[in-house]
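Report on the structure given below.
The values are calculated or read from the model by the stated rules, or taken from the named source; none is laboratory data. Being a predicted model, the structure only gives us computed values, none of them experimental. Every residue, glycine as well, gets a Cβ built from its backbone with ideal geometry; the counts of neighbours run over all protein chains shown. These accessible areas exclude ligands, DNA and RNA; they are computed on the full protein's heavy atoms, side chains included. Shrake-Rupley method; radii C 1.70, N 1.55, O 1.52, S 1.80 Å.
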Amino acid sequence: MEPTPEPPRVFETARLRLREPKLTDAADIFQRWAQDAEVTRYLTWQPHESVQDTVAFLEGAVEGWKSGREHVWVIEEIGTGQLCGALAARHRGHRVNLGYGLARDLWGRGLMVEALTPVIDWFLQQPGVFRVWATCDVENSRSARVLEKLGFELEGVLRSWDRHPNISDRPRDALCYSRVKV
C-alpha cells in the first residue's frame, strides 16, 4: 500500500478558505473562539486564558504539519478574511480522526459541514485511507448533527472515552461516528 501524500495546505469552498495556520493568527483565534467557554465546552482542552495559550496551540499545529501526524487548518470566510474556526485531521495508518471548532456567532449556518467536506473527500480519495471518524460528547447534539449531515454513521457509544475538563474531571461517554470507503 502506498503512503498517503500530504494533504493540500489550502482548500476552498463557496464561502470558506481552509489554510495552514500562522503564528500571526493567534490574537484573532483567541478572540474569536479559543477563549470562549461555550465553544470549548465539549472539547478536551480548557478555554485559553491568554494569547500565549493560543500561540502554544499554533506552535503545535506547525509541528503537526512538519511531522505529518496532525494537519490543522484555520477556517476563514472568503471575502472578509474573518477567521471562523479550525479543524484538525490526525492520520494514523488507514484511519483519519477529525476534530473541529467554530466561533459561536457562526453556529447554525452550515459552515462546519462546508469546511469539513473537502477534507473528508480528499482523505477518502487516497488509496491508503479507508476510514474517517470522529467522536463527540453524548450531550453535544450540534456536533453530532454536523457529522450526520456529512454522511457519517453512528457506530455506538464509547464509555468513559474522553475528559472534557469544562464539564467534568471524569472521562465522559462519547458518540463514535465514521465514514468508510466501501
Original post:
Given the residues ARG163, ARG159, ARG145, ARG95, which is the only one that is modelled with pLDDT under 95 and among the charged types (D, E, K, R)?
Top reply: ARG163
Subject >> Residue in the stretch 11-49 that is modelled with the highest pLDDT, counting only those that are among the polar types (S, T, N, Q) and within 20 Å of GLU63 (Cβ to Cβ) >> reply: THR24
Subject >> Residue that is within 13 Å of the chain's Cα centre (by Cα) and assigned to a loop (DSSP other than H, G, I, E, B), where the choices are THR80, THR40 >> reply: THR40
Original post:
Would you pick out the residues in the stretch 1-37 that are among the aliphatic types (A, V, I, L, M) and within 16 Å of the chain's Cα centre (by Cα)?
Top reply: VAL10, LEU16, LEU18, ILE29, ALA34
Original post:
For the stretch 77-86, what are the residues that are surrounded by fewer than 21 Cβ atoms within 10 Å (Cβ to Cβ) and either touching a helix residue (DSSP H, G or I) at 6+ places or on another chain (Cβ under 9 Å) or of a type in the set (Phe, Trp, Tyr) (or both)?
Top reply: GLU77, GLN82, LEU83
Original post:
If you check LEU87 against the conditions, is it part of a strand (DSSP E or B), in contact (Cβ under 8 Å) with a residue 24 or more places away in the chain and out of contact with any Asp or Glu (no Cβ under 9 Å at 6 or more places or on another chain)?
Top reply: yes
**OP:** Filter the stretch 36-53 down to residues that are closer than 20 Å to ARG163 by Cα and free of Cβ contacts under 8 Å to residues at least 60 places away in the same chain and give me whichever is surrounded by the fewest Cβ atoms within 10 Å (Cβ to Cβ).
**Re:** GLU49
Original post:
Condition test on GLU63, is it free of Cβ contacts under 8 Å to residues at least 40 places away in the same chain and assigned to a helix (DSSP H, G or I)?
Top reply: yes
**OP:** Select from the stretch 1-35 the residues that are in a helix (DSSP H, G or I), open to solvent by less than 50 Å² (accessible area, probe 1.4 Å) and of a type in the set (D, E, K, R) and list them in ascending order.
**Re:** ASP25
